[in-house]
1. Taking only the Cα atoms of the stretch 260-392, how large is their convex hull per residue, in Å³?
2. Heavy-atom accessible area per residue, the chain, 1.4 Å probe: how many Å²?
3. If you bin the C-alpha pair distances of the stretch 1-112 every 10 Å from 0, what whole percents do you get?
4. Between the stretch 207-231 and the stretch 368-393, what is the separation of their alpha carbon centroids in Å?
5. For the chain, what proportion of DSSP beta bridges, expressed in % and rounded to the nearest 5, is antiparallel?
6. Tabulate in residue order the Karplus-calculated ³J(HN,Hα) for the stretch 140-146, using 6.51 cos²θ - 1.76 cosθ + 1.60 with θ = phi - 60°, rounded to whole Hz; enter x for Gly and Pro.
7. For the stretch 334-469, take the alpha-carbon Rg, divide it by the Kirkwood Rh, and send me Rg/Rh.
8. What ranking do 166-177, 84-95, 429-440 get when scored by the average of other Cβ atoms within 10 Å per residue, highest first?
Amino acid sequence: MAVKTDSYLMSINGEWVGSELDTLDVVNPANDEVVGTVPHGGEKEAEQAVEAAYEAFQSWSNLTAHDRAGYLKKLNQLMLDNQEELAQLMTIEMGKPINESRGEVKYAASFIEWFAEEGKRVDGDVIPTHAAGKRLHVWKKPVGVVAAITPWNFPAAMLTRKMGPALASGCTIIMKPSSESPLTAVKLMELCEQAGFPKGVVNLLTGSSSKIAKVVMENSKVRKVTFTGSTEVGKTLIRQSADQVKKLSLELGGHAPLVVLDDADIDLAVKGTVASKFRNAGQTCICANRIYVQEGVYDEFVEKLTKAVKELKVGNGTDESVDIGPLINQDGLDKVKRHVDDASSKGATVMTGGEPITDNGGVFYQPTVVKDVNQSMIVMQEETFGPVTPVEKVSSDDEAVQMANDTPYGLAAYVFTENVSRGTQLIEKLDFGIVGWNDGGPSAAQVPFGGMKESGLGREGGHEGIEEFVESQYVSIGLH
Ligand code: SIN
């Protein structure tokens, strides 16, 4: 289907607007073509969006949860009706294979649907009293204006995972998508308009992340910032939030271990590894980044994994048969190259892949398996964010746990074993917020998504997801 490749606008207070600054090009990493431009919004537009969202909060928060759910349900349906256009935009702006983009649109819509319903269950409490003349209640209130700052790797789902609970609970929102992939967000904003959200309830800014973030962090009318992105930026937001004690939800970096024990179903473990590692060309916070395999099944696992990875097709994501698209940009490619080259220079063996693909004009790297890596190699210390699977041999369950936990990150981990006792005991020792046990794809709207340690604060999705957007107000009623 044809995709518009023209100029896109921001939306503030129900109006489509440009910026008095210049525009930013959005470039398809599969072929380096400009696929659209967005306004280079800055401080002025951010201030306007905060005012609009603040004003709209007064009436939006007074609607019933059922009324707010009505708008969200319309948006969910519009997303599904426009799945193909959203998916095509996503693929041309950031490279994801088209079938993954279609899947992401469904996944993104599922957050809107889930939270439309979940908003009706933001219950308070009646607490047994300690004094006959008192009644003790807990009421729930939306936190207020929310700023959502989202990454390029999931242009729709990372927005809706924040929009859903914010809007359902009565908050208004300012969305700031990544400048690498803002077009999907513009289309989502159009759908919000069609769903009839009152003006100012949903606002979209594109442009300078630093200028927009400065405004939302300094303006006391913004009561909450929800961010998905790097741990480094997350730490900056924590520091900047201190002056106003702003609420934060942070979904930050991951460096997921995947453990294969010697009683695992090896075919299943290979399938799970490929599903997790090569989703979105390995540019996923929860993707398996370090594979620890017990010595008894190490050779078999490496051989089967290498065979499976050799079959993956790389290319422009618009081609229906492609499994792996490009990396997001040259910096992303350089990082992947640095990780593989470092491992090779320190004695690891590249079983397949191991090189950039330079003959098609885009930013591609071969799907790669590297064996005999060790903890001293960069690939086992840093998140690669690319299609590289480093495999290390471990001798025991305890060694696997020790290696897996040897990181400041704690987002996701994966374990493959057929033994319930071993699996249970091993997982209980893992310091990760999400664990896939014989499962390479644990994400869903109805489950809590988030990390321990330096992988973040708070949870998105599930019933926890909406708690992040409400305050408890304890009310002690004196009877007389
Ligand atoms: C991410 O890890 O980048 C998001 C992936 C997901 O929600 O499954």
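The values are calculated or read from the model by the stated rules, or taken from the named source; none is laboratory data. Given the structure is predicted, the values throughout are model-derived calculations rather than measurements. Neighbour counts run over all protein chains shown; Cβ positions are idealised from the backbone, glycine included. Note: accessible area is taken over every heavy atom of the protein model, side chains too, but ligands, DNA and RNA are not part of it. Shrake-Rupley method; radii C 1.70, N 1.55, O 1.52, S 1.80 Å.
1. That works out to 98 Å³ per residue.
2. Accessible area per residue: 39 Å².
3. Distribution as computed: 13, 29, 37, 20, 2 percent.
4. Spelled out, the Cα-based centre of one part sits 33 Å from the other.
5. Antiparallel bridges: around 45 percent, rounded to the nearest 5.
6. Running phi through 6.51 cos²θ - 1.76 cosθ + 1.60 with θ = phi - 60° gives 10, 10, x, 5, x, 6, 10 Hz.
7. Using only Cα positions, Rg/Rh for the stretch 334-469 is 1.02.
8. So the order, starting with the most tightly packed, is 166-177, 84-95, 429-440.
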